[in-house]
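**Student:** Here you go, one structure.
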Amino acid sequence: MSTSVLAYIPSPPQGEWNLGPFPIRMYAVCIIIGIIVACWWGERRWRARGGEPGVVLDVAIWAVPFGIIGGRIYHVATDYWRYFGPGKQPLDALKIWDGGLGIWGAVAFGAVGALVGMRAVGIRAVGAFADSIAPPIILAQGIGRLGNYFNQELYGSPTTLPWGLEIYKRIDPETGVTGEYLGHSTGEVVRIVQPTFLYELIWCVLVAVFLVVADRRLRLGHGRVFALYVALYCVGRFVVELLRTDEATMVLGLRINTIVSTLVFLAAIAYFVAMRGRRREDPSELLPVGGERDAKGGAAEVSERSSAQASDGDPARDSASPKGE
């Protein structure tokens, strides 16, 4: 008996729309949406732990541009052959709007920017802040992966699985150049592949949920939630890299991101173990240096949150504070 697949996942007809003279690139839109969601949710989680309102946005002003620059630097450094060499245009390395951000560079530089921002607002509880924003960050990464969907990029090998992704031939209306990334779809399917962007998106959402549950039940502190985020993302990224078929820099016969994921995973696990036994930060430790709660009951709010944490183990359930999850 023969079987046939009724329908595969179609790709979008294009990845860019024009709003008058302004091009709207969905890759950038997805990243921006991810950043907005991360800031909103991160703010709620930070306040639920006892932090001052507005701190996440203040820190994000530094962390986001640092992260974007770092992500681009990592991408160019690991895929240097795309921009340098015979027939290449080195200035294309500056065209961040054409896509290409490396997550490890974004996280590393973003962390530096966050430290600068935290120092500017007087926050000393680095670990608590990192734990608050860890689930929102990986959720933002998942949202950002939708940009790869619109660009028809970073997919896996050909497949007959029912969730295979249709890759269309596209034509650039201005140049007439055919390809898979820019321009408009002709409707012609050139290949059906594994949607690795979708695998990573689903993994990111699952990890975000797991981090929230683990944080509530184990009352982790001092950056251990962030370490779990890094370690678990590395696991998923390692598997996804093994499935991807796009060109990549190879080291010892392996895609460079598989090696980086392995090393970062080991570092994250080592940190998680080293921090075991450390108590969760008290809400009073999250105040800015020299910071004061308002005279209308701010001190009582800290006391109430501390009591709630001791009684039910979940500051996000404290009716006197904003819900953090």
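The values are calculated or read from the model by the stated rules, or taken from the named source; none is laboratory data. None of the values given here were measured: they were computed from a predicted structure. So basically every Cβ, Gly included, is an ideal-geometry build from the backbone, and we count neighbours across all protein chains shown. Accessible surface areas use protein heavy atoms only, side chains included; no ligands, DNA or RNA. Shrake-Rupley method; radii C 1.70, N 1.55, O 1.52, S 1.80 Å.
**Student:** Among 180-189, 218-227, how do they line up from the highest to the lowest mean number of other beta-carbon atoms within 10 Å? Mind showing how you got there, number by number?
**Tutor:** Working: 180-189: 15.7, 218-227: 21.8.
So the order, starting with the most tightly packed, is 218-227, 180-189.
**Student:** Could you put Arg45, Arg244 in order of accessible surface area, largest first, with the 1.4 Å probe and the full protein assembly present? Let's see the in-between values first.
**Tutor:** On the way: Arg45 5, Arg244 30 Å².
Heavy-atom accessible area, descending, gives Arg244, Arg45.
**Student:** Continuing with this model, one more query. Quick one: plug the Kirkwood hydrodynamic radius of segment 112-229 (C-alpha pairs) into Stokes-Einstein at 25 °C, 0.890 mPa s, and report D in µm²/s.
**Tutor:** Values: Rh = 17.0 Å.
The estimated diffusion coefficient comes to 144 µm²/s.
**Student:** Also, I was wondering about something else. Would you please put 82-88, 209-215 in order of how densely packed they are, using the mean number of other Cβ atoms within 10 angstrom per residue and starting with the highest? All intermediate terms of the calculation are to be shown ahead of the outcome.
**Tutor:** Working: 82-88: 10.7, 209-215: 17.7.
By packing density, highest mean first, the sequence is 209-215, 82-88.
**Student:** Quick one: angle between helix 196-218 and the longest Cα principal axis of the chain, in degrees between 0 and 90, rounded to 10, please.
**Tutor:** 10 degrees
**Student:** Then there is this: Which GluC sites (Glu not before Pro) does segment 189-277 hold that lie in a coil by DSSP with at most 10 other beta carbons within 10 Å? Walk me through the numbers on the way to the answer.
**Tutor:** Working: sites: Glu200, Glu241, Glu247; in loops: Glu247.
Of the GluC sites (Glu not before Pro), the ones in loops of segment 189-277 whose Cβ has at most 10 other Cβ atoms within 10 Å are Glu247.
**Student:** Right, here's the next one. Can you give the Rg to Rh ratio for segment 160-203, taking only C-alpha atoms and Rh from Kirkwood? Spell out each step's value before the answer.
**Tutor:** Working: Rg = 12.6 Å, Rh = 11.5 Å.
Checking Rg against Rh, the ratio lands at 1.09.
**Student:** Let me check something: with ligands and nucleic acids excluded, how do Tyr271, Tyr168 order by accessible area (1.4 Å probe), largest to smallest? Don't skip to the answer; put the middle values down first.
**Tutor:** Numbers: Tyr271 95, Tyr168 30 Å².
Largest accessible area first, the residues go Tyr271, Tyr168.
**Student:** Still on this structure: With every protein chain present, what is the per residue accessible area of the chain (1.4 Å probe, Å²)? Show your work: numbers first, answer last.
**Tutor:** Numbers: 16720 Å² over 325 residues.
On a per-residue basis, 51 Å².
**Student:** What is the sum of charges, Lys and Arg at +1 and Asp and Glu at -1, for the other residues whose Cβ falls under 9 Å from the Cβ of Thr258?
**Tutor:** Working: positive: Arg237, Arg255; negative: Glu241.
That sum, taken over residues with Cβ under 9 Å, equals +1.
**Student:** Taking only DSSP H segments of four or more residues, each worth -39500 (n - 2.57), what value at 222 nm results for the chain once the sum is divided by all its residues, to the nearest 500 deg cm²/dmol? Mind dumping the intermediate values first?
**Tutor:** Working: 9 runs with 169 residues, N = 325.
After summing the helix terms and dividing by residue count, I get -17500 deg cm²/dmol.
**Student:** If you average the C-alpha positions of segment 119-183 and of segment 215-272 separately, how far apart do those two centres end up, in angstrom?
**Tutor:** Cα centroid to Cα centroid, the span is 17 Å.
**Student:** Taking the chain as the reference, fit the longest principal axis to its C-alpha atoms, fit the long axis of helix 298-312 to the helix C-alpha atoms, and give the angle between the two in degrees, 0 to 90, nearest 10.
**Tutor:** Here the helix axis deviates by roughly 70 degrees.
**Student:** Now for a different question. When you have a sec, figure out the Kirkwood radius of segment 165-296 from all distinct Cα pair distances and drop it here in Å to one decimal? Please list the in-between numbers first.
**Tutor:** On the way: mean 1/r = 0.0533 Å⁻¹.
After inverting the mean inverse Cα-Cα distance, the result is 18.8 Å.
**Student:** Place the peptides 248-255, 116-123 in order of packing, highest mean first, counting for every residue the other Cβ atoms within 10 Å and averaging per peptide. Intermediate results must be reported in sequence, preceding the final value.
**Tutor:** Details: 248-255: 12.6, 116-123: 17.1.
Result, highest mean Cβ count within 10 Å first: 116-123, 248-255.
**Student:** Then there is this: In whole percent, and with a 1.4 Å probe on the protein chains, what portion of the accessible area of the chain is carbon and sulfur? Show your work: numbers first, answer last.
**Tutor:** Values: 11080 of 16720 Å².
On the chain, the fraction of accessible area on carbon and sulfur atoms equals 66 percent.
**Student:** Which order do Phe238, Phe272 take when ranked by solvent-accessible area (1.4 Å probe, heavy atoms of all protein chains), largest first?
**Tutor:** On the way: Phe238 75, Phe272 45 Å².
Ranked list, largest accessible area first: Phe238, Phe272.
**Student:** Next question. Helix 55-78 versus the longest principal axis of the chain: what angle, 0 to 90°, nearest 10, using Cα atoms?
**Tutor:** The helix 55-78 is inclined about 30 degrees to the chain.
**Student:** Dipole size in debye (nearest 20) for the chain around its Cα centre, Lys and Arg Cβ +1, Asp and Glu Cβ -1? Kindly include the intermediate steps, with their values, before the conclusion.
**Tutor:** Details: 31 positive and 30 negative charges, 150 e Å.
My answer is approximately 720 debye.
**Student:** When the Cα atoms of the chain are enclosed in a convex hull and the volume is divided per residue, what value in Å³ results? Provide the component values of the computation, followed by the final result.
**Tutor:** On the way: hull volume 60.6 nm³, N = 325.
Output value, Cα hull per residue: 187 Å³.
**Student:** What FRET efficiency would be calculated for the residue pair Asp282, Val205, taking the C-beta separation as r and a Förster radius of 22 Å, to the nearest 0.05? Spell out each step's value before the answer.
**Tutor:** Working: r = 31 Å, r/R0 = 1.41.
Rounded to the nearest 0.05, the efficiency is 0.10.
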